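Note sheet for the following structure.
The values are calculated or read from the model by the stated rules, or taken from the named source; none is laboratory data. Everything numeric here is computed off the predicted structure, so don't read it as measured data. Neighbour counts are summed over all protein chains in view; Cβ atoms, including those assigned to glycine, are modelled from backbone coordinates with ideal geometry. Protein only, heavy atoms only, side chains kept; ligands, DNA and RNA dropped before computing areas. Shrake-Rupley method; radii C 1.70, N 1.55, O 1.52, S 1.80 Å.
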Amino acid sequence: MRWVSRLAEYWRGQQESGTMSVRSLVNTVMRAVRVTEFGGPKVLKVDKNVPVPKSSNDQILIKVHAAGINPVDTYIRSGTYAVKPTLPYTPGKDVAGVVEEVGSNVSNLKKGDRVYSMAATSGGYAEYCTAASSDTKLLHSNLTYEEGAGIGVPYYTAYRALVIIGGAKAGDTVLVHGASGAVGLACAQIAHFRGLRVLGTAGSQAGLDLIARNGCDAVFCHREEGYATKIMEATENVGPQIIIEMLANVNLERDLTMIAKKGRIVVVGNRGSTEITPRLAMQKECIVTGMLLFNATQGEMDEIDAAVAGGMRDGWIKPHIGKVYSLEEAPNAHEDIINNKGTQGRLIFKVSS
């Protein structure tokens, strides 16, 4: 076994001379979820021999502790999304972890920083991922890595929908239609902090209890007959000035009956087509608009960055983790995020301790 002793001598020499690269200290292969064909959740399979990605000059390498699961991940995996990645690929954009390497052009982060990112360029369902340094931010010590994996897409989407597109201001009444999911809870927390009156809907008692603890002043079960009437009564039949809609193909017509005159309905989520009565919009003279986070300008992203950093620091941003999965449970996670009986917060993968 002479080669073993020679290898050991080499490693000792590299360490003592200080010439050992960071890369040599990082595993060369990792566990990652891979998709080799588009299809149902079962196409998600863990590969234990995926090469650890290399970061470019403007990227960082993150040791992933937790990864967030977004509905869009399921659309991409199925092959029905407008943009299809080249196969094979690793899903996921939202991660939280520790910076392992920084590219030569990166000045805003350093090795060892606790970070969250919604820009995992090599895929977040993995032990390591590369990410754009410009879209990776420091994770405040108030939050765990699991909570950090719940920041990116949910809170940035919620802020842009509510504040930038919805024009929310203190004293407004907002209805978060589907408030118990990750984006809905983020909306409720942001709206409460900014001085709005927050009405929220959920589909189970556990969901109703959850949104009541997270900023909703009044809660309604959207599975209950006549719940829209109760919402109108709670607003003295004026209606909310803003509705944040998570499932427009089911709720948009009803939203048009509830929205206040000159109000704004912001569509954040949709899973199909629907028919509406345009006269309702004419009567209310309301605005119905869609919202896609990645249409945000740099100025809007800077505003959201600052708001989220302040929220983490001051403690009013606190993602609720609904369920934690291992990478091997990826098929179950994708099934749960689409087909559930009542969403309760953020679903994440715990990748490492």
With Rg from the Cα atoms and Rh as the Kirkwood inverse mean 1/r over Cα pairs, the range 87-203 has an Rg/Rh of 1.05
Per the charge dipole of the range 228-353 (beta-carbon charges, Lys/Arg positive, Asp/Glu negative, Cα centre), the residue among 324, 349, 248 reaching farthest to the positive end is 248
Looking only at lysines whose Cα falls under 30 Å of residue 284's and that sit 8 or more positions away or on another chain, we get 169, 230, 261, 262
Here the FRET efficiency for residue 82 versus residue 105, based on Cβ atoms and R0 = 30 Å and rounded to 0.05, is 0.45
With every protein chain kept in place and a 1.4 Å probe, the residues 233, 335, 100 fall, from largest accessible area down, as 233, 335, 100
Residue-normalised value, i.e. accessible area per residue, for the chain at 1.4 Å probe, in Å², stands at 47
For the range 146-202, the Kirkwood Rh over every pair of distinct alpha carbons, in Å, works out to 11.1
For the chain, the longest principal axis of the Cα atoms and the Cα long axis of helix 2-17 enclose an angle in degrees, to the nearest 10, of 70
The size of the Cβ-based charge dipole (Lys, Arg +1; Asp, Glu -1) of the chain about the Cα centre, to the nearest 20 debye, is 580
The farthest towards the positive end of the charge dipole of the chain, of the residues 297, 150, 227, given +1 on Cβ of Lys and Arg and -1 on Cβ of Asp and Glu, is 150
From the Cα centre of the range 159-230 to that of the range 58-91, the distance in Å is 28
To the nearest 20 debye, the range 116-259 has a Cα-centred charge dipole, built from +1 on Lys and Arg Cβ and -1 on Asp and Glu Cβ, of 300
Residue-ordered couplings for the range 133-140, obtained by feeding phi - 60° into the Karplus form 6.51 cos²θ - 1.76 cosθ + 1.60 and rounding to whole Hz (Gly and Pro as x), are 5, 5, 10, 10, 10, 5, 9, 5
Rounded to the nearest 10 degrees, the helix 248-258 long axis (Cα) sits at an angle to the longest Cα principal axis of the chain of 40
Per-residue accessible area, 1.4 Å probe, largest first, puts 95, 153 in the order 153, 95
So, relative contact order of the chain in percent, Cα under 8 Å, 6 or more apart, is 17
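When only DSSP loop residues count, what trypsin sites (Lys or Arg not before Pro) in the range 252-307 have their Cβ near at most 16 other Cβ atoms within 10 Å?
Passing sites in the range 252-307 are 261, 262, 271.
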Carbon plus sulfur, as percent of the 1.4 Å-probe accessible area of the range 160-228, comes to 50
On the accessible surface of the range 237-340, probed at 1.4 Å with all protein chains in place, carbon and sulfur together account for a percent value of 52
The aspartates and glutamates whose Cα lies under 15 Å from the Cα of residue 110, excluding any fewer than 8 residues away in the same chain, are 58, 100, 101, 135
In debye to the nearest 20, the charge dipole size for the range 198-277, taken about the Cα centre with +1 at each Lys and Arg Cβ and -1 at each Asp and Glu Cβ, equals 220
Partner lysines whose C-alpha sits under 20 Å from that of residue 350, ignoring same-chain residues fewer than 8 away, are 42, 45, 48, 63, 93, 137, 318, 323
The Cα radius of gyration of the range 67-108, divided by 2.2 N^0.38 Å with N its residue count, comes to 1.54
Here FRET efficiency (C-beta to C-beta, residue 279 to residue 353, R₀ 45 Å, nearest 0.05) is 0.20
If N is the residue count of the range 158-307, its Cα Rg over 2.2 N^0.38 Å rounds to 0.97
One can check that the equivalent ellipsoid of the chain, built from the alpha-carbon gyration tensor with semi-axes equal to the square roots of five times its eigenvalues, has lengths in Å, largest first, of 42, 21, 17
The correct ranking of 38, 349, 220 by accessible area at 1.4 Å, largest first, is 38, 220, 349
